[in-house]
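The structure appears below as structure tokens.
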Amino acid sequence: MEASKKKLDKKNRLEEAACKLFTEKGVSHTTVDEIARAADVAKGTFYLYFNDKKDLLSNIVIKRSITLLEQAIEAARIQNTDDFVDEIILITNYIITFFKQNKELLTLIEKNLSWSLIHQKINQEENGNFQILIDYWINHPYMSSYSMSRSYHIMFIIIELVGTICYTSIIENQPDTIDNLKQDLFFAIRQILRK
């Protein structure tokens, strides 16, 4: 295995170990020593890739969010709808289904994903896929009648809405289950995107 692959492997092992520990024990109850041990690397190796646990957590949250969005978009595209709003509903439904099956990851992402984190990470080369996802939204022909800033704001509102409703309904069952809220969430998204 060449050096760059070994480095990537170590970084990935650290992220996987941390994600597992963070979801099982919580971020504050997980130490760098435990992460390094679970990843089967020396503690010093941790600091070659990450400044601290917060930096590692940010990487995990962004990567998992990007992967989920990519999978959701791909699943929606397979449905072959020509309607952008329907595609957003399909993406949202995919995300809901995923989070119903991955409650621990929902808690980790929703509590730690912030717009400031996205802006901080977005220009890093390894997170270029997130910019591609944002461009997919902003540059979609359906959004062409909006200014770039308004399109971006609408995207932000929908992402926040979906994340918050998933968290409160799936984790806290408030004000109802996600299955009972889902159609109202879809209605709200359709209203936001209605021209």
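The values are calculated or read from the model by the stated rules, or taken from the named source; none is laboratory data. Fair warning: this is a prediction, and the values are worked out from it, not measured in the lab. Cβ placement follows ideal geometry from the backbone for every residue including glycine, while neighbour counts extend to all protein chains displayed.
The table for this structure:
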| quantity | calculated |
| --- | --- |
| The range 73-104 - residue that is outside any loop (DSSP other than H, G, I, E, B) and among the acidic types (Asp, Glu) and, of those, farthest from VAL162 (Cα to Cα) | GLU74 |
| Residue that is modelled with pLDDT under 85 and more than 21 Å from the chain's Cα centre (by Cα), where the choices are GLU2, GLU110 | GLU2 |
| Set PHE156, PHE187: member being under 23 Å from ARG64 (Cα atoms) and in the same structural domain as ASP86 (by TED's automatic domain parsing) | PHE156 |
| Residues (touching a Leu at 6+ places or on another chain (Cβ under 8 Å), in a helix (DSSP H, G or I) and without any contact (Cβ under 8 Å) to a residue 60 or more places away in the chain) located in the range 169-185 | SER169 |
| Scan of the range 46-56 for residues that are part of a helix (DSSP H, G or I) and in contact with a helix residue (DSSP H, G or I) (Cβ under 6 Å, 6 or more places away or on another chain), ordered by number | PHE46, TYR49, LEU56 |
| Options ILE66, ILE35: the member that is among the aliphatic types (A, V, I, L, M) and in the same structural domain as PHE98 (by TED's automatic domain parsing) | ILE66 |
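Quick grid of which residues meet (1) more than 21 Å from the chain's Cα centre (by Cα); (2) loosely packed, with under 13 Cβ neighbours inside 10 Å; (3) under 30 Å from TYR94 (Cβ atoms); (4) hydroxyl-bearing (Ser, Thr, Tyr):
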{"site": "THR30", "(1), (2), (3), (4)": "yes, no, yes, yes"}
{"site": "ASP40", "(1), (2), (3), (4)": "yes, yes, no, no"}
{"site": "LEU48", "(1), (2), (3), (4)": "yes, yes, no, no"}
{"site": "ASN51", "(1), (2), (3), (4)": "yes, yes, no, no"}
{"site": "LEU56", "(1), (2), (3), (4)": "no, no, yes, no"}
{"site": "VAL61", "(1), (2), (3), (4)": "no, no, yes, no"}
{"site": "ILE66", "(1), (2), (3), (4)": "no, no, yes, no"}
